Amino acid sequence: MAENRVAAQYELRPRLKKRPHKLHLCSSVEGLTAELRANDIDLTSLVFEFIKPASEVGVLVTGSIATRIATEVSDLDVLILAPSADVFKSQRRREIAGSILNYVSQPGGDREQIGLFLSGIEVDLVFVTNPDVTRFVASAGVLDYGARKKDKHATNDTFTSRLGMGWVIHGQSVVQRWREYYDSEGLPARWMSEQFTEAAKDLEDMHIGIGLAKGHVSAIGARAVSCLLRALLACNRICSTSISYMRIVNRLISTADSEMRDALITGMRLAFPPLFETVQEEKAYFEDVYAYCGKVRTILSRDPEMVDILASTIHDLDLIL
């Protein structure tokens, strides 16, 4: 039986499309561009296989490669910013370099994803359109708040974080306009506030939930600590929705000041609680997370602007932080 399993694995292996790459070792746009070139990949040329010539678009590498938590088989995530759907070529390509293209359109028509394999690397192209960005520029930066309320990209954490944290490959001025429209500069402060608020609300649920069901307090506490860790990352201008964010935490520990380092290490310890057997153990864990929330608030309050923001976000909570 074991021999049959080994044989089956050997037969399947040649069919795998992914091959190990070195993109995860790149720490800059220049290094990434050189490594892509070594794999016969030109991202700008690839994007213009789908976009009309001379169209003004922005191209960013995002995801795990840009946040430097990728592995040797990670996808290459590319975000393309376009003014409208008019920039797309009318005829859809079905194949590029022998790779069949997989199109995934989103409801609303302002987002489309195309997946393909190039040199064994899985490439995900995400095209996002928004004519309001062009109108924003034409109005000298006057924001149409009515249109903004309807803009689902503005509340999409994955989009806003990738826009703010991505590596610009092409169209620097276009990317800058989009970052101004979506206020990428203010993204870390928003994340600190939102993540801290979520954690504070979780603390209330933890407190009420003590003794209700095995694992209940552990699960809520782990979520609260995860939010607090992401708030600390945002304090270091790192905003990521990746499930692999612990790799960023580990990297930051080696460069952070002593107070930040201690908070990150404490957070990693509290983020993985056991299934407590007694109410006393649940109470003790709650007190640890409660104290940790206060420690994180102190660090976030290093920024004078965050002091009032954090105070207002927890004003209506039953728990006193």
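When only Cα pairs under 8 Å and 6 or more residues apart are kept, what is the percent relative contact order across the chain?
Contact order relative to length: 16 percent.
Between the alpha-carbon centers of the stretch 115-156 and the stretch 190-249, tell me the distance in whole angstrom.
With the stretch 115-156 and the stretch 190-249 each reduced to a Cα centre, they are spaced 28 Å.
Name the lysines eligible as straight-distance cross-link partners of K89: C-alpha to C-alpha under 23 Å, and not fewer than 8 places from it in the same chain.
K52
Among the DSSP beta bridges whose two residues both lie in the chain, what percent are antiparallel, rounded to the nearest 5?
75 percent
Give me Rg/Rg_expected for the stretch 156-196, where Rg uses Cα atoms only and Rg_expected = 2.2 N^0.38 Å with N residues.
Here the Cα radius of gyration is 1.19 times the empirical estimate.
Taking θ as phi - 60°, what are the ³J(HN,Hα) couplings along the stretch 57-70 by the Karplus curve (6.51, -1.76, 1.60), each to the nearest whole Hz, with x for Gly and Pro?
10, x, 10, 10, 8, 10, x, 5, 5, 5, 8, 6, 10, 6
How far is helix 2-12 tilted off the main Cα axis of the chain, in degrees rounded to 10, range 0 to 90?
That helix lies at roughly 50 degrees to the long axis.
Can you work out ³J(HN,Hα) from phi for every residue in the stretch 161-169, in order, using Karplus 6.51 cos²θ - 1.76 cosθ + 1.60 and θ = phi - 60°, giving whole Hz and x for Gly and Pro?
6, 5, 4, x, 9, x, 8, 6, 9
Relative to the longest principal Cα axis of the chain, at what angle does helix 258-270 sit, 0 to 90 degrees, rounded to 10?
90 degrees
With the cut-off at 24 Å, tell me which of the pairs K214/K283; K201/K295; K214/K295 have Cα atoms farther apart than that.
Distance filter (> 24 Å) returns K214/K295.
If you take every residue apart from E185 with its C-beta less than 11 Å away from the C-beta of E185, what net charge results, scoring Lys and Arg +1 and Asp and Glu -1?
Net of charged neighbours comes to +1.
Running a GNM on the chain with Cα contacts under 10 Å, which residue among N236, N130, N102 ends up with the highest mean-square fluctuation?
Answer for the Gaussian network model of the chain: N102.
Rank D124, D257, D75 by mean-square fluctuation in a GNM of the chain with C-alpha springs under 10 angstrom and give only the top-ranked residue.
Fluctuation is largest for D257.
Using only the Cα atoms of the stretch 104-249, build the gyration tensor, take square roots of its eigenvalues as a ≥ b ≥ c, and label the shape rounded, prolate or oblate: rounded if a/c is under 1.5, else prolate if a/b is larger than b/c, else oblate.
prolate
Quick one: if you take sqrt(5λ) for each eigenvalue of the C-alpha gyration tensor of the chain, what semi-axes come out, biggest first, whole angstrom?
Semi-axes, largest first: 39, 28, 18 Å.
So what is the relative contact order for the stretch 170-321, in percent, with contacts set as C-alpha pairs under 8 Å and at least six apart?
32 percent
Hey, what number do you get for the chain at 222 nm if only DSSP H runs of n ≥ 4 count, each worth -39500 (n - 2.57), divided across all residues, to the nearest 500?
-15500 deg cm²/dmol
Tell me the net charge near K214. Cut-off is 10 Å between Cβ atoms, K214 excluded, with +1 for each Lys or Arg and -1 for each Asp or Glu.
Once all neighbours under 10 Å are counted, the net charge is -2.
Which angle from 0 to 90°, rounded to the nearest 10, does the C-alpha axis of helix 187-209 make with the longest principal axis of the chain?
40 degrees
Every number in this text was worked out from the coordinates using simple rules, so none of it is lab data. All of these numbers come straight from a predicted model, not from anything done at the bench. Ideal geometry is used to build each Cβ from the backbone, glycine not excepted, and the neighbour counts take in all protein chains shown.
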